[in-house]
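Chemist: Quick one: the structure is below, and I'll ask about it shortly.
The values are calculated or read from the model by the stated rules, or taken from the named source; none is laboratory data. None of these values were measured; they are calculated from a predicted model. With ideal geometry, Cβ positions are generated from the backbone for all residues, glycine too; neighbour counts draw on all protein chains shown.
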Amino acid sequence: MAAGAAGAAAAASTRPPVWSDSGDAPFEDVDHTPVYARGKKGGRRKGKSGGGNETFEIIKTIFFALLIAFVLRVLLFQPFTIPSASMEPNLYEGDYIVVSKWSYGYSKHAIPFSPPLFEGRIFAQAPKRGDIVVFKLPRDDKTDYIKRLIGLPGDRVQMINNVLHINGQPVPDAVISGEDVTNMYGMPVIKARETLPEGKTFTVQDFGPGNQADDTPEFMVPEGHYFMMGDNRDNSVDSRFDESTGVGLVPAENLIGKAQIILFSWSPGASLWNPVSWFSKVRPSRFFNVLH
């Protein structure tokens, strides 16, 4: 009898320890351990540790999502909402556009809040005449403007009797609108197709001759600057107006990027706080229109 007990004890001593599912200290004999004691301590530790790990994973996911969004915004794309009618008939108030930031390289204005990290542009590429450009307003270096690039460094730009002249030559235009349309003041709205010297064509809109900026002095565009105009010629404060009241000449450093596509569009009156307007004011025909 004693020999049998000794043998059982020896077998028990050689039996491998049993670990609970919670990974805590091994029980010598799980069959004889009370059910309420099995894994109880480890279970509590697991619950606490698991909750902490889950919170950490959520924070990490949010951090990396924000980091990716920041990098994309700084280096690749930036969205803008058109706030006015100055670029009609190509961009309307309420259009939501995407701007490519790599098109012209990067300046401090490519980074949110324009921190003075460096001067000039890195990876600079010259914009082309006719590009639709988003830039910082020179007089405050904060306000975002969007216009069409008309004058390159070294150009002479002038409006004579409602006709755009570049380097002494009139820019060809052809009236294409046959609609009997007037603006809110009863002035006729004329649409014409302009062709720039390099051959790029686009539609402009104005109210006919005799308006404020239809006759201007000749502007000389210095090196490192650009001359901008709105496509809605008689409803655009642009480089035809000096820097104190308008845009003036735009330094290359102020360029943010090239407008590429209309992503979405809502007519004026749409509001984030009025869900009905999301559907009543939507303009689906303008979705995903590529800009020229």
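This table checks each residue for (1) surrounded by 16 or more Cβ atoms within 10 Å (Cβ to Cβ); (2) without any contact (Cβ under 8 Å) to a residue 24 or more places away in the chain.
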residue	(1), (2)
236	yes, no
239	yes, no
255	yes, no
259	yes, no
274	no, yes
282	yes, yes
290	no, no
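Chemist: Have a look at 62, 146 and point out the one that is over 24 Å from residue 193 (Cα atoms), at pLDDT 85 or above and not in a loop (DSSP other than H, G, I, E, B). Give the steps one after another, and end with the answer.
Modeler: Values: 146 fails: over 24 Å from residue 193 (Cα atoms).
The conditions single out 62.
Chemist: Just one of (1) surrounded by 17 or more Cβ atoms within 10 Å (Cβ to Cβ); (2) modelled with pLDDT under 90; (3) aromatic (Phe, Trp, Tyr) trips up residue 56, so point out which.
Modeler: The failed condition is (1).
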